[in-house]
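Shown next, in structure tokens, is the structure this report addresses.
The values are calculated or read from the model by the stated rules, or taken from the named source; none is laboratory data. These numbers come from a predicted model, not from an experiment. Backbone-built Cβ (ideal geometry, glycine too); neighbour counts: all protein chains shown.
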Amino acid sequence: MLNLESLRFPRYELPASLDALRQEVRAFLDTALTRYSPLVRSNTWDGFDPDFSRELGARGWLGMSLPKTYGGHGRSALERYVIVEETLAAGAPVGFHWIADRQSGPVVARYGTQAQKEKIIPGIAAGEICFCIGMSEPNSGSDLASVRTRADRVADGWLVNGTKIWTTNAHRADYMIALLRTDSSADSKHRGLSQFLIDLKATPGITARPIKDLAGRGHFNEVSFQDARLPADALLGQEGEGWKQVIAELAFERSGPERYLSCFVLLSRLVDALGPQASPAALAKVGAEVAWAVTLRNMSLSVAGMLNEGRDPGLQASVVKDLGCQFEQRLPGLAQELVGLEPMLADNGNDYQQVLGNLMLLAPSFSLRGGTLEILRGIIARGLGVR
Amino acid sequence: MNELQNILEESVSRLFAERVDRAFLARCEDGEWPAELWSLASEQGLTHVLASEAAGGMNAGWAEAFIVVRACGRYAVPLPVPEQLLALWLVERAGISAPSGLIALLPTVVDAAATGHYTLDVPRVPWGRAAQFFVGVTSDQQIALFDTQHASVTPAQNLAREPRDTVHLHAASPVALGACAVNPHAIRWLGALLRAGQIAGAAAACLELSVKYTSDRVQFGRPLSQFQAIQNHLAEIAGAMASVDTMARAAFLALDARGLASLGDDSASFEIAAAKCRASDAVELLTRLSHQVHGAIGFTYEYDLQFLTRRLWSWRAEFGTSGEWGEHLGRAATAIGGDGLWAQVTR
Ligand SMILES: Cc1cc2nc3c(=O)[nH]c(=O)nc-3n(C[C@H](O)[C@H](O)[C@H](O)COP(=O)(O)OP(=O)(O)OC[C@H]3O[C@@H](n4cnc5c(N)ncnc54)[C@H](O)[C@@H]3O)c2cc1C
């Protein structure tokens, strides 16, 4: 039986005490972002600048909700939410710290040993370490539980063999949290998996080969493990509990405001390109997307509020991601149609055309990374009780 | 939701679920005025959610009104409960003591002729034929209340056969006139808000019916809901419903915060425009996919879906299409400019 309550997005108002933080972040971004071109600002969570990440870290704006005892800031998830939405909407280059701040930090905080937390969390909060996610493999995409890269127990630790793929930033990251098979005799594919915290710079036998994306950009990689030796303490959490842990990690990955904010810069530029004198038909079309932006903001904030109250908004988060990626994928087409300009590469055309070109070339990934649209729809169907 | 809201939601759902069924709706479509349900709804205070205690109301806010209005959509309630609660709120804003009886909304600006009398034809008045009074807003910031003495009505309907009559005022004088800070088009904005709330309710009902029907109906040896193509449709309906519901509620709450005087200004009433634009926009997907998963049965008068979808098709257009409200939003956004857009979205 369908329970409509499970699909409600209760109204959430951020506490007024966060207004000051928001104003502070806006003021900071107003000056800090002037050094980037509109094109660079359209990269949002693909934009990569270690200096910028360190600046955020110095202000105490990374690892915000990680425990203080280990070097986090012990602040609420809502404060982090404010930082994240402000940086994304402004088009700040958040890529260096993005994965660490969003999911690796929280995973280490939840499952790591004392030593792992002490080693990792201060660097995340400082914006000094970059993480990557070792989940997908050549033969395991949507069917993640079928991963085959193995970690075999040896005398002084683990021996890893296999291949990860599409690993964003693996060629420049410090650490990877990888999902590896530790027991191939387990009776179900969901058992026998474990997570590992891998120091990429200190482990021989790991090679990251950049894979160019459709536009020739280098951000993701094929990572091969050939008899890579990990120390015993590289195990993250419980041996054999990798599937449960990875589901928790994906929940961090699937619930944030980035699910509708990777194109906000384009919407802003589109609004300026049209101006108030635009035709009523054009205003109506851009207005419909503005309505979506406000709607998605309300929905996303509601998810943040539910998380903050300790509830599990898994279904609602999937709905936001589903609607959010459709929104983001509509924008480039609309921004071209309404303004009537050709999308262009970096050295061609004007700023608007470059931003448009960049996002047009990024948009296909919005409904793939972090779980495809089809997989999300399956999760929603399960929430509706029909699966 | 707080306790009052929970109680309200429960009692309004119980009342409508018990009383509004297919046979009842069919009779109303044939012209019957459901007097009994109307008095029950009034006795339970549903029409008076926004009215002050002095005026015999609940003295609640738009957050509570949302619950009632959405329920009216969900159960396809063939009564002007949303319109009445709005009318009572409006007259009280202008310091007019509310008369008892049905007050119909005049959706367009009403202005007096040079003589001081009102002679106009106002089309698409919800339940004009059943009204004892009419309320309208003048272009000089007054709220005008008329009785039926100098009025006549030409009946008309929307696709769902809800009364949408033309009201003719013949040299009428208002029985009450009150000045307040109100935009002449306030009723269009408020009507849009009501319809967004009703669309949210009807969308939820479409989803419920679609999930239930596809779970019960077996083809190829399994319930339809086990086919991935059908699950995909259901997920899309759910997403559209959730987006409409969330934005409609946000708009009702924004009105609590900003009040009557904010209406009519594109940026001050941003949430209302966004809610009606989103709601009207969603109707296409909601109705198309709900009908699709139902097959032929959904195309019959014998099955409930059409009571919802015909309303959705009308409500999509009433008090402004998604294009009209999108234009308001586009105008607001371009006036604010790209760099200020995010602050507006998060205000
Ligand atoms: C830009 C980018 C960055 C990425 N970064 C990372 C990263 O850092 N780390 C990492 O681990 N991974 C990363 N990924 C990989 C991403 O998680 C996978 O692409 C995704 O999980 C889908 O897997 P796949 O590409 O193998 O597609 P497949 O699973 O092969 O799917 C292909 C198509 O079939 C559909 N499909 C699959 N199964 C079903 C089903 N049961 N029912 C219906 N349809 C189905 C899919 O939805 C999709 O449309 C990244 C991907 C991209 C594009």
- Query: Considering segment A:107-139 alone, what residues qualify as being within 9 Å of the ligand (Cβ to nearest atom) and assigned to a loop (DSSP other than H, G, I, E, B)?
  - Reply: A:Met135, A:Ser136, A:Pro138, A:Asn139
- Query: From the set of residues in segment B:22-66 that are under 20 Å from the mean Cα position of the chain (by Cα) and among the acidic types (Asp, Glu), which is nearest to B:Ala156 (Cα to Cα)?
  - Reply: B:Glu29
- Message: I need a count of the residues in segment B:128-144 that are assigned to a strand (DSSP E or B) and surrounded by 22 or more Cβ atoms within 10 Å (Cβ to Cβ).
- Response: 6
- Message: Between A:Pro313, A:Pro343, which is over 26 Å from A:Pro106 (Cβ atoms) and more than 8 Å from chain B (Cβ to nearest Cβ)?
- Response: A:Pro343
- When residues of segment A:346-374 are limited to those that are farther than 20 Å from A:Ala215 by Cα and modelled with pLDDT of 95 or more, the one nearest to the other protein chains (Cβ to nearest Cβ): A:Glu374
- Task: Pick out the one residue from A:Gly333, A:Gly324 that is more than 20 Å from A:Ala90 (Cα to Cα) and either within 14 Å of another protein chain (Cβ to nearest Cβ) or surrounded by fewer than 21 Cβ atoms within 10 Å (Cβ to Cβ) (or both).
- Result: A:Gly333
- Meets criteria (more than 9 Å from chain A (Cβ to nearest Cβ), surrounded by 19 or more Cβ atoms within 10 Å (Cβ to Cβ) and over 20 Å from A:Leu373 (Cβ atoms)) for B:Ala248: yes
- Item | Filtered residues of segment A:182-219 (kept if assigned to a loop (DSSP other than H, G, I, E, B), at pLDDT below 95 and within 13 Å of the ligand (Cβ to nearest atom)) | A:Ala215, A:Arg217
- Mind checking which residues of segment B:288-308 are closer than 24 Å to A:Trp292 by Cα, buried (at least 23 other Cβ atoms within 10 Å of the Cβ) and not small (Gly, Ala, Ser)? B:Leu308
- Task: Looking for whichever is surrounded by fewer than 20 Cβ atoms within 10 Å (Cβ to Cβ) and not assigned by TED's automatic domain parsing to the domain that holds A:Arg41 here; the options are A:Gly141, A:Gly74. Which one fits?
- Result: A:Gly141
- Query: Does segment A:293-305 contain any residue that is closer than 30 Å to A:Lys212 by Cα and away from the ligand (no atom under 16 Å from the Cβ)?
  - Reply: no
- Regarding A:Phe96, is this residue within 16 Å of the ligand (Cβ to nearest atom) and assigned to a loop (DSSP other than H, G, I, E, B)? no
- Task: Could you please find all residues in segment A:329-382 being more than 26 Å from A:Phe220 (Cβ to Cβ), of a type in the set (Gly, Ala, Ser) and within 16 Å of the ligand (Cβ to nearest atom)?
- Result: A:Ala381
- Message: Under 7 Å between Cβ atoms, which residue pairs at least 6 apart in sequence (or on different chains) link something in segment A:168-191 that is free of Cβ contacts under 8 Å to residues at least 40 places away in the same chain with a partner that is part of a loop (DSSP other than H, G, I, E, B)?
- Response: A:Arg181/A:Val147; A:Arg181/A:Arg148; A:Arg181/A:Thr149; A:Arg181/A:Gly192; A:Ser184/A:Gly192
- Query: Restricting segment A:140-169 to residues that are away from the ligand (no atom under 11 Å from the Cβ) and of a type in the set (Gly, Ala, Ser), which is nearest to the chain's Cα centre (by Cα)?
  - Reply: A:Ala145
- Taking segment B:326-344 and keeping only residues that are within 7 Å of another protein chain (Cβ to nearest Cβ), buried (at least 22 other Cβ atoms within 10 Å of the Cβ) and not charged (D, E, K, R), one is left with B:Gly326, B:His328, B:Leu329, B:Gly330, B:Ala333, B:Thr334, B:Leu341, B:Trp342
- Message: Can you find a residue that is within 19 Å of A:Arg297 (Cα to Cα) and among the polar types (S, T, N, Q) anywhere in segment B:289-305?
- Response: no
- Given the conditions (1) part of a helix (DSSP H, G or I); (2) crowded, with 23+ Cβ neighbours inside 10 Å, report the number of the one that B:Val167 does not fulfil. (1)
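Quick check on A:Asp227: is it surrounded by fewer than 20 Cβ atoms within 10 Å (Cβ to Cβ), away from the ligand (no atom under 12 Å from the Cβ), in a helix (DSSP H, G or I) and of a type in the set (D, E, K, R)?
no
Can you spot a residue in segment A:257-273 that is free of Cβ contacts under 8 Å to residues at least 12 places away in the same chain, within 11 Å of chain B (Cβ to nearest Cβ) and of a type outside the set (D, E, K, R)? Break it down stepwise before answering.
Our first condition is that a residue be free of Cβ contacts under 8 Å to residues at least 12 places away in the same chain; within segment A:257-273, this holds for A:268, A:272.
Narrowing further to those that are within 11 Å of chain B (Cβ to nearest Cβ): A:268, A:272.
Right, trim to of a type outside the set (D, E, K, R) and you get A:268.
Checked segment A:257-273: at least one residue is free of Cβ contacts under 8 Å to residues at least 12 places away in the same chain, within 11 Å of chain B (Cβ to nearest Cβ) and of a type outside the set (D, E, K, R).
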- Message: Tell me yes or no: at least one residue of segment B:284-301 is within 22 Å of A:Leu283 (Cβ to Cβ) and either within 14 Å of chain A (Cβ to nearest Cβ) or modelled with pLDDT of 95 or more (or both).
- Response: yes
- Test A:Ser53 against the stated conditions and say whether it is surrounded by 15 or more Cβ atoms within 10 Å (Cβ to Cβ), within 16 Å of the ligand (Cβ to nearest atom), within 23 Å of the chain's Cα centre (by Cα) and within 22 Å of A:Phe220 (Cα to Cα). no
- Item | Meets criteria (at pLDDT 95 or above, within 9 Å of chain A (Cβ to nearest Cβ) and farther than 23 Å from B:Ala71 by Cβ) for B:Gln231 | yes
- Message: When you scan segment B:205-227, do you find a residue that is within 16 Å of the ligand (Cβ to nearest atom), more than 9 Å from every other protein chain (Cβ to nearest Cβ) and within 19 Å of B:Leu289 (Cβ to Cβ), even just one?
- Response: yes
- Spans of helices (runs of 4 or more DSSP H) in segment B:254-347 with at least 1 residues within 20 Å of the chain's Cα centre (by Cα) and without any contact (Cβ under 8 Å) to a residue 60 or more places away in the chain: B:270-294, B:305-317, B:322-336
